[in-house]
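So the structure is just underneath, and the comments pick up after that.
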Amino acid sequence: MELLDRGAVLFIGIAVGTVLGLSLRTGGKPLRAFMDDAATPLAGASAGAGDVAAAMAPPRLDACGSAFPRSARVDAALAGGRGLHIGVFGDSFGDGVAAATEQAFRKQPRVTVHAFSHEGTGFTRYRTQDLLADARARIAAQPIDIAIISIGANDTQGLFVNGHAAPFMGQAWQDAVGGRIGDLVRLFQQRGVAVGWVGLPRMRDADFDRDIQAINAFQARVACKLGVPYADSVPLTQDRNRRFSQRLDDPVTHREYLARASDGKHMTFHGYEVISRPMTAPILALFAPASPPPAPQPGQGDHPVAPPTPKPVRAAHSVPTAKPAPRPTPSPTPSSAETPRSTPAPTGSAPSTGSPTDVPTGSSTGLSTAASHAGATQ
């Protein structure tokens, strides 16, 4: 009996040690090692600093998917007067984006939004949910014209590829996840569906945020290569110091609002509305009334009229040029019998034609003095 008790204690100790070891290697979720291909590998599972840093530099996305939301199906629907169908795919973030997208088109009867997202799914969890097979079945039952994708919060982990461990953000991981993203996007594009991607927000936990930003950058690069526009949610979900904040300013109303859920990961409904606008706004623009042509200006016709020659304008504070004072007439030369008479100097000047403010102070005095001096010297 004592031997059995010791064996039981030893077995329990081994089991506890195994669970603790798996917890440390799987982010506190040891059952993932046995449930699906999303398990973080038992060795070398964490991404090295170089792997994460290499994924942190998204490309310039100015030219990626510039035609969104136009596509073959969208153009056909608009030309034929048919309503548009939007399918939203993803995980729990896809759920939020779907709800916000539906709200954005609540007053547009020609648009129907379908929530095709699944909570807890990801590109590293295909044993739980094969995203490609699910999307294929969804659009076969309900054809769509536009697909919006928001996913990735459950993919901050390694996976097994052909029985080999693929650490998070390692090359094997990027090849596997990038391939699955490409398969999903091409499924839509081959059917003439326009595709847009909504990125993940800033996160409260520093370590989790680092991994999420690596995923954002990776997804942005893959989306760009596939010609898919990527809406970066990070600038919309951080404060002025580029940090996580529960409350933020709405970039449209400029009013503060509660943006984040209490878990520090998900958004509030208002928050999902904000990060969905880069996708919903161009779709709404498809239904905006056409602007009327500008009215012709008066006088414009087949023969343009030359503009009138502007008249010279006198400066408001110009000083008129003063007329020179009259030269005094010299007196005739007196005879010897006559007493010489002196000629009085002129005491006035030419009158000013301007207003009193047009002539600087003392100008009359100056002119009179100059005239007197001229008469005295002649």
Considering residues that are more than 19 Å from ILE139 (Cα to Cα), hydrophobic (A, V, I, L, M, F, W, C) and not in a helix (DSSP H, G or I), the number found within segment 68-93 is 1
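To keep it simple, each residue is scored yes or no on (1) in a loop (DSSP other than H, G, I, E, B); (2) in contact with a strand residue (DSSP E or B) (Cβ under 6 Å, 6 or more places away or on another chain).
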{"residue": "ASP95", "(1), (2)": "no, no"}
{"residue": "ALA98", "(1), (2)": "no, yes"}
{"residue": "GLN108", "(1), (2)": "yes, no"}
{"residue": "VAL113", "(1), (2)": "no, yes"}
{"residue": "ARG125", "(1), (2)": "yes, no"}
{"residue": "ILE139", "(1), (2)": "no, no"}
{"residue": "ILE149", "(1), (2)": "no, yes"}
{"residue": "GLY152", "(1), (2)": "yes, no"}
{"residue": "GLN157", "(1), (2)": "yes, no"}
Show me the strands (runs of 3 or more DSSP E) entirely contained within segment 163-255 in which 1 or more residues are of a type in the set (Val, Ile, Thr) and within 16 Å of the chain's Cα centre (by Cα). 194-198
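Just to verify a result, which residue in segment 190-208, among those that are touching a residue at least 40 places away in the same chain (Cβ under 8 Å) and not hydrophobic (A, V, I, L, M, F, W, C), is nearest to CYS64 (Cα to Cα)? Step through it out loud before you land on a result.
Initially, segment 190-208 is screened for residues touching a residue at least 40 places away in the same chain (Cβ under 8 Å), giving 191-205, 208.
Cutting the leftovers down to not hydrophobic (A, V, I, L, M, F, W, C) gives us 191-192, 196, 199, 201-202, 204-205.
Details: ARG191: 19, GLY192: 17, GLY196: 10, GLY199: 14, PRO201: 20, ARG202: 23, ARG204: 29, ASP205: 30 Å.
It comes out as GLY196.
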Which count do you get for residues in segment 123-159 that are under 27 Å from GLU273 (Cα atoms), free of Cβ contacts under 8 Å to residues at least 12 places away in the same chain and not polar (S, T, N, Q)? 0
When you go through ARG260, ARG277, ARG255, ARG243 one by one, which is the residue that is modelled with pLDDT of 95 or more, more than 30 Å from GLY80 (Cβ to Cβ), surrounded by 16 or more Cβ atoms within 10 Å (Cβ to Cβ) and of a type in the set (Lys, Arg)? ARG260
Right, VAL274: outside any helix (DSSP H, G or I) and either under 16 Å from the mean Cα position of the chain (by Cα) or within 25 Å of ARG106 (Cα to Cα) (or both) or not? no
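The values are calculated or read from the model by the stated rules, or taken from the named source; none is laboratory data. Worth saying up front: this structure is predicted, and the values here are computed from it rather than measured. We place every Cβ from the backbone using ideal geometry, glycine too, and count neighbours over all the protein chains shown.
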